[in-house]
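This report concerns only the one structure given below.
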Amino acid sequence: MHAKHLFRRIFPSLFASALLALCSPHAAAESTPRKVVVMTSYPEEVVTNFEAGFEKAYPGMRVEIIWRRSGDAMNYLQDNPGHIDVYWTPSQRTFARLAKQGAFTRLPVDMEGLPAKVGGYPISDPDLLYAAFEIAGFGFAVNTQRLREKNLPRPRQWTDLAEPQWRDELIFPIPSRAAFAPPLVEILAQGYGWEEGWTLLQRIGGNSRPPDGSAPDDSNSIAKGRVAVAVSLDFFIRSAIDNGAPIDFVYPAVTGYSPAHVAVFKDAPNPEAAKAFAQYVLSSEGQKLLFHPDLLRLPVRPAVYADKPAGYYDPFNAAKVMPYEFDNRRAQERQGLNNALFDVMVTKQHANLREVLDTLARAEQAAGNDSALNTQLDQARKLATRLPITEEQANALSGRFAANFEIDTKPDANAALLREWSEQVARNRREALQIAQRVVKATHDAEDRKP
Amino acid sequence: MACLLAAAIPFYPGTAGSADTDALSAGASTVFDETRDAYSLASPAMPAGDRSAFVLGRTMFRQSWVIAPANDSAAGLGPLYNRISCIACHARNGKGHAPDDENGSMRAMLLRLSIPGADRHGGPNPHPAYGDQLNEHGVPGVPGEGIGYLLYEERMETFADGTPLRLRKPSVRFKELAYGALGEDIMVSPRIGPAVYGLGLLEAVPDETLLALQQQAKPDGIRGRVNIVWDSINKKEAIGRFGMKANVATLTEQVANAFNGDLGITTPATPQENCTAVQTDCKKAPSGRASELEHTELSQQDLSATVFYHRTLAVPARRDMDDQQVLRGAQLFRQAHCASCHIPELRTGKEAPLPFLSDQLIRPYTDLLLHDMGEELADGRPDYRATGREWRTPPLWGIGLAKKVSPDAGYLHDGRARTLLEAVMWHGGEASVSREAVRKMSSDDRAALIRYLESI
């Protein structure tokens, strides 16, 4: 099929060129087609800038773009084998899956000056079947005007966002709905440990506005100052900052990166052109294009930060104080499970999460230093955010739940499991609520008994 | 993630300022914004309830289209196409550009094709194998039509004070033609993507205004006439006002033609794939469908939203109007009779496709009429009543921000002019007198004239 396909493409060209030489006054000297076919889901601004830069660096070379959402890339590749040279897109899971299937050749690129990690956060494939091309950083988009109006402090770490003062002043994206968001769960679960991370996720999720919006609206909300903080990826926000919106982006110490990658297919029809394209996007020249105001992404070649625009974040510099090592493989494996668990703990039980956290806060205030009451509240706090499964159980279940853009292969069994978890969480929170209410009542009764 | 990015661009409605009303380029649809977003803001007069239509239209305009079959609502690119999205040729809603040399791709321009004669409505006669536009790319199994590229011939223009100005004139060449020779009689017209803001207001200028302008006496051999074209939406002859030869009557048709011709996307207004009779692989290639209920790749709702987006994109206000150099430039602009065709002011009609676009005093600097621009700018390709030497006066509003919005932006129909001064010095035909007036200007006056254009 490959040969037939190539024949269909090339033969008419050769035939036409022969005719052309004989007949057309507009004919130019025929040249061998020199092109690279690139599959991507990058927006036009990224595509155009790199296409232009590449064609300038390699005169006579042309780029043909096949645009495909990452979730739909596999179908195209299966239907059109031997058609694509380079895969270049922000979708770590798709790269991992294609690499596992043996689709890529080891990246034929000089990797000198291109580290595989940012601090403790891996960004490239250890076997170099695909390499990071750019990264986007997770953190807090902060509307400084709203902070002033609401007299709120500038948040610096995840723990800050768990405080009650951020109620309805922040947006945390829902990982199962926003494709960029799943790594957030693992950043907290690995950065703070499974239990503490999930407790933080629930407290932050409880402060987040009720989950009826989607990620795009979050960017809009922060730009418009409807909320003070949106947990997001930096590049979603940078163009608004660039255009003068009163927004800062804060990178907490426990952070992570969403890498986009480049890879060359084993059956690339234009292997030399593919190599040149991959080399170009990772070159100093290509990497510096990422500073362009239409792109605003973070280069993966540390040396180019010497030429960064004023105020541009340097993740390699920041990573010197990154306090943890991120296990990427585990994050990938648990993505579907994390999404499902987040929905059970936060998205679908948002009201009871808020109710129990609010009542706990009142009870804590009422209990003061009373050690007996605080012992009860310790129990209530644990119940309020207790997960229905341990980390070991989560690891055992990883891969069973569908990640973003994947199809659930066990819908009935998973639905039953999720129902069970939901009921357990609801029971725990009811119990926590009752304890907290008892503590409040006990303190009121004590007040009443005072002469 | 790309779709998230597209949708994540904040919706900034334009804000109307309270500055001098002379600065209002587009009446109530003027925005006071000098940033790279200057061409991307909604009219401040647009009711809040219309926001979702604007946002949907913007999404369509930014959409990267996908080859069918695909598990994607944006499936249907091709079978033959130039680029995969509208914004590829209209970066940030601004102007496209020409490649710098023979190695450069036509990333923001296209080649119109035709052969002598006319179609049944008097429009250009498409090439039997290649149609009316060269599509470089094809979906798998469908050969792209070939590659067009530009060669430049440079020449030196000299001002009266001896200052030289280097000009470049493009000529089109082809290679890798997949459907046979183009033939000796092929007519080719290279066009860069035009800016797309303020179009709703141009649409709202009454026909009567254009007919009156046509009748108006003008100095120095300047004439100007309307093009009469076939309105394929309303199935009747009409005055053309869109396209570089005023060759399209309505904004809907302009948008639908671009979807179909540039991207290969079928629309309710252009329901056929862009294959010619001899392109058999093209005709056999799979098409997409906007939904199970629709037979075209773009739905009526999405087409309407894209048209709405174009109708409501605001125009940036004028800037630096009190600057002495700008004031001097304005005087020179009038003295050189530039304003005879680049008419500063028009008024939209009492009836307009959208109520807030009606009865607006606008400053587009165009008469929307065809003018003979001389042999040097001629493409030799007639389009309805427009001859190969005639071009519609392009609007100048917002042109001073063109390079800020998109540093690559080119000027004139084929992007040959890299600066405004080069564009001025290419003017010929009816505009020869204006060009010669500029040639005689001192360097200070030339600078003032350009400064004025940059303030528009």
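The values are calculated or read from the model by the stated rules, or taken from the named source; none is laboratory data. All of these numbers come straight from a predicted model, not from anything done at the bench. Glycine also receives a Cβ, built like all others from the backbone with ideal geometry; neighbour counts cover every protein chain displayed. Ligands, DNA and RNA are stripped out before the accessible areas are found, and what is left, the full protein with its side chains, is counted by its heavy atoms. Shrake-Rupley method; radii C 1.70, N 1.55, O 1.52, S 1.80 Å.
Can you pull out the residues in the range B:26-39 that are in a loop (DSSP other than H, G, I, E, B) and either farther than 18 Å from B:Y309 by Cα or open to solvent by 30 Å² or more (accessible area, probe 1.4 Å) (or both)? If the condition is that a residue be in a loop (DSSP other than H, G, I, E, B) and either farther than 18 Å from B:Y309 by Cα or open to solvent by 30 Å² or more (accessible area, probe 1.4 Å) (or both), then B:F32, B:D33, B:E34, B:T35, B:R36 are the ones that fit.
Quick one: is A:E112 closer than 19 Å to A:Y305 by Cβ, free of Cβ contacts under 8 Å to residues at least 40 places away in the same chain and either more than 26 Å from the chain's Cα centre (by Cα) or surrounded by 15 or more Cβ atoms within 10 Å (Cβ to Cβ) (or both)? When the stated conditions are applied, A:E112 passes them.
Evaluate the range A:290-304: report whether one residue or more is touching a residue at least 12 places away in the same chain (Cβ under 8 Å) and assigned to a strand (DSSP E or B). Steps first, answer last, please.
The first filter runs over the range A:290-304 and keeps only residues touching a residue at least 12 places away in the same chain (Cβ under 8 Å), leaving A:290-304.
Now drop any that are not assigned to a strand (DSSP E or B), which leaves A:298-299.
The answer is yes, given that some residue of the range A:290-304 is touching a residue at least 12 places away in the same chain (Cβ under 8 Å) and assigned to a strand (DSSP E or B).
Of a type in the set (S, T, Y), open to solvent by less than 10 Å² (accessible area, probe 1.4 Å) and within 18 Å of the chain's Cα centre (by Cα): does that describe B:T306? Answer is yes for this residue. Checking A:D248, A:D267 one by one, the residue that is away from every other protein chain (no Cβ under 11 Å), surrounded by fewer than 24 Cβ atoms within 10 Å (Cβ to Cβ), part of a loop (DSSP other than H, G, I, E, B) and among the acidic types (D, E) is A:D267 and no other. Residues of the range B:307-339 that are among the charged types (D, E, K, R) and in contact (Cβ under 8 Å) with a residue 40 or more places away in the chain: B:R311, B:R318, B:R319, B:D320, B:D323, B:R328. So, B:C282, is that one crowded, with 23+ Cβ neighbours inside 10 Å, touching a residue at least 40 places away in the same chain (Cβ under 8 Å) and more than 22 Å from B:I192 (Cβ to Cβ) or not? Criteria met by B:C282. The helices (runs of 4 or more DSSP H) found wholly in the range A:359-451 and carrying at least 2 residues that are touching a residue at least 24 places away in the same chain (Cβ under 8 Å) and touching a Phe, Trp or Tyr at 6+ places or on another chain (Cβ under 8 Å) occupy A:391-397.
Taking the range B:164-187, which residues are open to solvent by 50 Å² or more (accessible area, probe 1.4 Å) and either of a type in the set (D, E) or touching a helix residue (DSSP H, G or I) at 6+ places or on another chain (Cβ under 9 Å) (or both)? Selection gives B:R166, B:K169, B:E184, B:D185.
How many of the residues in the range B:102-125 are part of a loop (DSSP other than H, G, I, E, B), charged (D, E, K, R) and either in contact with an Asp or Glu (Cβ under 7 Å, 6 or more places away or on another chain) or surrounded by 14 or more Cβ atoms within 10 Å (Cβ to Cβ) (or both)?
Initial filter on the range B:102-125 (part of a loop (DSSP other than H, G, I, E, B)): B:102-108, B:119-123.
Checking which are charged (D, E, K, R) leaves us with B:102, B:107, B:119-120.
Cutting the leftovers down to either in contact with an Asp or Glu (Cβ under 7 Å, 6 or more places away or on another chain) or surrounded by 14 or more Cβ atoms within 10 Å (Cβ to Cβ) (or both) gives us B:102, B:107.
Residues in the range B:102-125 being part of a loop (DSSP other than H, G, I, E, B), charged (D, E, K, R) and either in contact with an Asp or Glu (Cβ under 7 Å, 6 or more places away or on another chain) or surrounded by 14 or more Cβ atoms within 10 Å (Cβ to Cβ) (or both): 2 in total.
Looking only at the range A:277-305, residues that are among the aliphatic types (A, V, I, L, M) and over 26 Å from B:R92 (Cβ atoms) come to 4 in all.
Suppose we filter the range A:125-136 for residues that are in a loop (DSSP other than H, G, I, E, B) and buried (at least 24 other Cβ atoms within 10 Å of the Cβ); how many remain?
Applying the first criterion (in a loop (DSSP other than H, G, I, E, B)) to the range A:125-136 yields A:125-130.
Within this subset, residues satisfying the condition of being buried (at least 24 other Cβ atoms within 10 Å of the Cβ) are A:130.
Result for the range A:125-136: 1.
The residue that is surrounded by the fewest Cβ atoms within 10 Å (Cβ to Cβ), among those in the range A:35-65 that are more than 7 Å from every other protein chain (Cβ to nearest Cβ) and in a strand (DSSP E or B), is A:K35. Applying the criterion of being in contact with a helix residue (DSSP H, G or I) (Cβ under 8 Å, 6 or more places away or on another chain) and surrounded by 22 or more Cβ atoms within 10 Å (Cβ to Cβ) to the residues of the range B:136-163, the residue that is nearest to the other protein chains (Cβ to nearest Cβ) is B:P143. Against the condition out of contact with any helix residue (DSSP H, G or I) (no Cβ under 6 Å at 6 or more places or on another chain) and closer than 29 Å to A:S91 by Cα, how does A:G193 come out, does it pass? Here the answer is yes, as A:G193 does meet what is asked.
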